[in-house]
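The values are calculated or read from the model by the stated rules, or taken from the named source; none is laboratory data. Keep in mind the model is a prediction, meaning the values are calculated, not measured. Glycine gets a Cβ as well: all are built from the backbone with ideal geometry, and neighbour counts include every protein chain shown.
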């Protein structure tokens, strides 16, 4: 490594010369260190709830030297900080590996267990064979690895009003059409005329179609889905006005290379209107909706849509393969909801874990009678007499808390969770 040495004036005092020599010496000493830093497991710092049987380990070098290279590494994993500090890697010692790898090095020790916490460090050697060891107190903790570890049951929000609305929704189609055998690339339109004496505080249109659809409210596109298997939620409040409003849904079947290919196609909707007092009213697809054919035969006149039957009785939705018939959805709105679990620990809590899995993303919050938890907008860390760590994921993760007294845990649904403490 080439080091630039500052020129020292012949007129510099002895104190100035000593100061410059000290600076140069400090720079030279700093350039000689190359300790491993920024230790990460599965690209996270000290993570909880790792569900991979073989996590990946990564680190960086703090060397400022030009063209510094790592010639070898050794990973040490222990069951306690004391064992690690003593150099006793009682979980796994990789041995010295002649390699420059430092990103996503796979753990290759004995099988890890659910809830197991591992403390780890790494040694590295540079191109001249000089050894350095990380000084960070790094660790990771395993989550629930086996299906048998989960004793929780799936839970979900139950809405009696929504259940009643689901029973009233009808599949609709063209008056003279066969919804069971619709030609490929066929197109149809459905219309609902909505008269409002006063604007509601909120208006949501939920659309489910066997096919590809585009929704327009007073000429403005509010939604589009390609063979979607659940209700599409569209906020149409801003497109409405007092008086007559028009909702038009354009529906088409997929195109196919098979000339005689046919599809099942139909439409189901639910319009939710909420006034300033929070009172909700619903308008379900069925009576009042009109329809007309666009392709292969264009019909300019609108006619009452044909009611095919109840939403729950017919299968016009599709699975993710976009072809196989799927059972109708058992809910209209899949927006975020909150679940709460209240509990009182029988003894003082020293540590705790909350393992959560959900069909979608989630956030978990914990509150107590003696503390108020806040969530920074730029972080996944929660503060509540200690630390709560949470990661949005569709897989089980852990949450560590240090709180005492009565606690409340909130999270969206559908969800399953397991809570333990010591």
Unique match (being in contact with a helix residue (DSSP H, G or I) (Cβ under 7 Å, 6 or more places away or on another chain), in contact (Cβ under 8 Å) with a residue 40 or more places away in the chain and either farther than 30 Å from residue 354 by Cβ or not assigned by TED's automatic domain parsing to the domain that holds residue 357 (or both)) among 73, 119 | 119
Residue count for segment 106-128, restricted to those that are crowded, with 18+ Cβ neighbours inside 10 Å and within 32 Å of the chain's Cα centre (by Cα) = 7
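Among the residues in segment 144-163, are any crowded, with 21+ Cβ neighbours inside 10 Å, assigned to a loop (DSSP other than H, G, I, E, B) and touching a helix residue (DSSP H, G or I) at 6+ places or on another chain (Cβ under 7 Å)? Don't jump to the end; show me each part of the working.
The first filter runs over segment 144-163 and keeps only residues crowded, with 21+ Cβ neighbours inside 10 Å, leaving 144.
Next, from what is left, pick out any that are assigned to a loop (DSSP other than H, G, I, E, B): 144.
With touching a helix residue (DSSP H, G or I) at 6+ places or on another chain (Cβ under 7 Å) added as a condition, the list becomes none.
No, that holds for no residue.
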Is segment 266-286 home to any residue that is assigned by TED's automatic domain parsing to the domain that holds residue 219, loosely packed, with under 13 Cβ neighbours inside 10 Å and within 24 Å of residue 180 (Cα to Cα)?
-> no
Matching option when the condition is out of contact with any helix residue (DSSP H, G or I) (no Cβ under 7 Å at 6 or more places or on another chain) and surrounded by 18 or more Cβ atoms within 10 Å (Cβ to Cβ), among 248, 221, 182 = 182
